[in-house]
Amino acid sequence: ALEVEGTFDDCQALVKRALVDPGIRSRKRLSSANSINIARLLPQSFYYFHAFGRLEETNRPIVFSVPSGNLGNLTAGLMARRMGLPVHRFLAATNANAVLPDYLATGVFRPRNTISTLSNAMDVGNPSNLARIQALFGGSIASIRQAVVSKSFSDDETKRGIREVFDRYGYVLDPHGAVGYCALNELPAGSLPAQAVVLA
């Protein structure tokens, strides 16, 4: 284990450089355990099928609210949809690192410096899986917008989501799941065409 003085994006940049460095590759066999590696996304795509299969009604499409940072889990869900899972829409819930909501709003991808939040596994300013999402949709921002809606939430909103779920259900959400809950909770009543699942 190595400590890096920097952010997730700094670590990911180091890993990407190491994976293509001929000198390192001649001495070591390297792989990545995060979503740089497609082998991480393939099993994640089956989690969506498993969740869908556990629903009482499987004859209607579903909405998944996905806490999103590096966009690996969202990409896995989009792959599951491409495989035939009847997903109506994905809610890509981000924290203050609002790169994806801004991209969907403007059509322009602008990486930025990472903001530290309570949902720190989602603190990503340059999500590497956006390129995969773009490839899945042939580069069409209009097609991505039909499948994915994205919104960011502050730490205060995240805390309110944790409190609300605890008060209502007696369940303590992790901060990442709380961001996903906030996204689902933002939808107007009656706007969901089907059941919804919040990932945590």
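The values are calculated or read from the model by the stated rules, or taken from the named source; none is laboratory data. In this text, all values refer to a predicted model and were calculated from it rather than measured experimentally. Positions of Cβ are backbone-derived with ideal geometry, glycine not excepted, and every protein chain shown enters the neighbour counts. Just the protein is used for accessible areas: all its heavy atoms, side chains included, with ligands, DNA and RNA removed. Shrake-Rupley method; radii C 1.70, N 1.55, O 1.52, S 1.80 Å.
What distance in nm lies between label points placed 7 Å from Cα along the C-beta direction at residue 32 and residue 159?
3.4 nm
Compare 123, 155, 167 by solvent-accessible area with a 1.4 Å probe and give them largest first, with all protein chains kept in place.
The ordering from most to least exposed comes out as 167, 155, 123.
Among (i) 27.5, 87; (ii) 17.4, 58; (iii) 17.4, 54, which one is Rg and Dmax of the Cα atoms in Å computed from these coordinates?
Checking each listed value against the structure points to (ii).
Given points 7 Å out from each Cα along the Cα-Cβ axis, report the residue 131 to residue 20 separation in nanometres with one decimal.
0.7 nm
Could you pull the accessible area for residue 164 with a 1.4 Å probe, rounded to 10 Å²?
Estimated to the nearest 10 Å², residue 164 gives 60 Å².
Mind grabbing the accessible area of residue 50 for me, 1.4 Å probe, Å², rounded to tens?
Residue 50 has an accessible surface of roughly 120 Å² with all protein chains in place.
Measure nothing but the geometry: give the 0 to 90° angle between the long axis through the Cα atoms of 38-53 and the longest principal axis through the Cα atoms of the chain, rounded to 10°.
Helix 38-53 sits at roughly 10 degrees to that axis.
Sequence-distant or interchain residues sharing an amide H contact under 5 Å with residue 152, placed H: which?
Close amide H contacts, sequence-distant or interchain: 94.
Calculate one ³J(HN,Hα) per residue across the stretch 147-160 by plugging θ = phi - 60° into the Karplus curve 6.51 cos²θ - 1.76 cosθ + 1.60, and present them in order as whole Hz with x for glycine and proline.
The phi angles translate into 9, 10, 10, 9, 8, 9, 9, 7, 4, 5, 5, 4, 4, 5 Hz.
Heavy atoms only, 1.4 Å probe, whole protein assembly: order 182, 11 by accessible area, highest first.
Reading off the accessible areas and sorting them downward yields 11, 182.
Pick from 143, 128, 35: which residue has the top mean-square fluctuation in a GNM of the chain where Cα pairs under 10 Å get a spring?
143
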